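Comments concern the structure below.
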Amino acid sequence: MTERPLAQLGAAGVAGAIGVFGLIGSVALGLGRLTAPGPGLWPFTVSVVITVLAVVLALTGRHGTDTEGFTGASVQTAIAVLSLVVFAALLPLIGFEIPSLLLVFVWTRFLGRERWVSSVAVSVGTVVAFYVLFVMVLEIPLPRLI
């Protein structure tokens, strides 16, 4: 096997793990019925699609010859996904303000390679805009500090 089929199998494995994790989490939320859907029905549906596509990729992707191998951009993508997982874990614990600020800062400064001043300004501006939109205007009950 060459590197590219292994990359496809690796991608299929990661996508499959995300799909299975989504299936488990959505069932825990409760699926409800089609006439009275529960909060987990839509995530369950999306997770089924992700899992099925991961299986298809695992079965067919390793035979592809026009696929891209893992590069430095793959590491950036992994860091972005990992930062989203950390964001999701911190959100219910300390509210959305600090995790959102950190997420946008990491993405702009380290993944986007923006200057420090720009990264701080964009991060603060984004969190303020989200706070005004979601908390004040739409009155969405987000976990928050303020």
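The values are calculated or read from the model by the stated rules, or taken from the named source; none is laboratory data. What you are looking at is a predicted structure, and each value in this text was computed from that prediction instead of being measured. Using ideal geometry, Cβ is built from the backbone for each residue, glycine included, and neighbour counts are taken over all protein chains shown. Accessible surface areas use protein heavy atoms only, side chains included; no ligands, DNA or RNA. Shrake-Rupley method; radii C 1.70, N 1.55, O 1.52, S 1.80 Å.
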Within region 94-121, restricting attention to residues that are more than 18 Å from the chain's Cα centre (by Cα), over 18 Å from Pro143 (Cα atoms) and not charged (D, E, K, R), which residue is least open to solvent (accessible area, probe 1.4 Å)? Ser119
Residue that is modelled with the highest pLDDT, among those in region 59-72 that are open to solvent by less than 60 Å² (accessible area, probe 1.4 Å) and under 14 Å from Ala11 (Cα atoms): Gly61
Within region 77-89, which residues are closer than 22 Å to Ala121 by Cα and open to solvent by less than 70 Å² (accessible area, probe 1.4 Å)? Ala80, Ser83, Phe87
(1) at pLDDT 90 or above; (2) open to solvent by less than 40 Å² (accessible area, probe 1.4 Å) all hold for Val135 apart from (1)
Please enumerate the residues belonging to region 22-33 that are without any contact (Cβ under 8 Å) to a residue 12 or more places away in the chain and closer than 23 Å to Val81 by Cα. Ile24
Condition first: more than 20 Å from Leu53 (Cα to Cα), open to solvent by 60 Å² or more (accessible area, probe 1.4 Å) and either outside any loop (DSSP other than H, G, I, E, B) or touching an Asp or Glu at 6+ places or on another chain (Cβ under 6 Å) (or both). Now tell me which residues in region 23-43 satisfy that. Ala28, Leu29, Pro37
Limited to region 95-112, what total is found for residues that are touching a residue at least 24 places away in the same chain (Cβ under 8 Å) and touching a Lys or Arg at 6+ places or on another chain (Cβ under 9 Å)? 3
Identify, by number, the condition in (1) touching a residue at least 40 places away in the same chain (Cβ under 8 Å); (2) open to solvent by less than 40 Å² (accessible area, probe 1.4 Å); (3) more than 18 Å from the chain's Cα centre (by Cα) that Leu9 doesn't meet. (2)
Of the candidates Val124, Val56, the one satisfying the condition of being in a helix (DSSP H, G or I) and within 30 Å of Ala12 (Cα to Cα) is Val56
